[in-house]
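Just so it is clear, none of the values below were taken in a lab; they were calculated from the coordinates. Note that the coordinates shown come from a computational prediction; the quantities given were computed from them, not determined experimentally. When we count neighbours, we look across all protein chains shown, and the Cβ atoms used for this are built from the backbone with ideal geometry, even at glycine.
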């Protein structure tokens, strides 16, 4: 059962994406008061001023009774030198803009009851239009009309939207700290087992760990993950609730394991009591209550974007740490096979599947962000903002989320997030954990493999974010993380003359679980060939 749960969760946690938005601000005033609303424009078509002071102010003419597909019934004297607001209708944005421009209007606002989408036109029409064009919510106009009356004045401006946001640094910190802690924890557990049993240790089955040692099983494992992802794509609306329930249980258990280990490390007492023939630990009961409460709160308020991301990231970090500690890769050969297959898996479902899907969106992005996700649906350089309040769409809890701190319009158009899939932490983290355990097996006091693999992971993450920022679209992070970590680990082993041991891994067999270190306890950190370190 535990294997099935881990497979289901791991099947849907590989994605990285960043949404590039084109929101702007509509500043409405009447001389004595003012208010701002969300609008969406196309900065490559009709650029707006970057500051409120630089923006020109125009009187607003209410023409929401027409869609302005032609100039019939509209007097140029009424609209000349003014901003117009009309309804969306069926004609093209460029057609409306050309009509408004011919009437002498200076700005065109299009009110809509559906989505605020980035306005676009044929390439040949871009150069013909010289007035600003933007979409606004019709309900915002209805709200502003009685408040500002007939003397409504408007300004349109789009503050600069920096590509490099502080949220990226926070995300990078979360990723590297989680990977480093997970690897260190895995190595510490291995050391405790070896020291506690004089090199023999307890069995994997008894310790509750999952042990990947067969290449065939790894291939089957990845194939099942592919099947699960495809099922999520076709049956998302049903399976999303299954994943949410599993995540609540798994993350609560993982958080308990992490907190219990911390309490054990700092020497917190366990205090126990008995009821009939059953013994209960006070510490365990308190921790269990806290962890379950956190998971329940997340489950109930999971769609509250303003603050719930903190709990999701906390549970996600605990989940990744526990995963890295309990999943054991037996040798570097298994690491190479697993990480290489998952690299192909990630690239295929991000870059190749858009050629087969109806809407041209990759299966990975569709599953990670949900069917109603904006931004990526329109190839990363467009945006859709709901014009009316809508029931929140369910999203899979398989990503770290950090709000963009420089998202100046987030309170008007909705919060914007930088996200990182759990898989981009767990998958390289499994290799980091193996390197940490290998340092224990060879009695390495400097933890050379662990440190080098962590540095490689950090560099891979930096390259991932750099490519994402330069390309303006989400990247499959494993495309960069897997080569960085695998190659670095192999180079370190080769330079130290330990590739044979590093490739073969542990010297014990899985069935009898005899845990003999690669070097006898007490020997220095040298290669198996007797070379000087």
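Some values worked out for this structure:
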| read-out | value |
| --- | --- |
| Percent RCO, i.e. relative contact order, over region 23-157, from Cα pairs under 8 Å lying at least 6 residues apart | 37 percent |
| Principal axes of region 23-157: Cα extent on each, largest first, Å | 42, 33, 28 |
| Sorted largest first, extent of region 440-493 alpha carbons per principal axis (Å) | 45, 15, 13 |
| Likely footprinting exposure, 463, 290, fewest C-beta neighbours within 10 Å first | 290, 463 |
| Relative contact order [Cα under 8 Å, 6+ residues apart], region 235-354, whole percent | 29 percent |
| Efficiency of FRET from Cβ geometry, residue 237 and residue 347, R₀ 30 Å, rounded to 0.05 | 0.65 |
| Cα-based Kirkwood hydrodynamic radius, region 230-288, one decimal, Å | 14.1 Å |
| Relative packing of 442-450, 22-30, which averages over residues the other C-beta atoms within 10 Å, highest first | 22-30, 442-450 |
| Most to least packed among 237-244, 354-361 [average Cβ atoms within 10 Å] | 237-244, 354-361 |
| Packing-based order for 170-182, 122-134, using average beta carbon neighbours within 10 Å, highest first | 170-182, 122-134 |
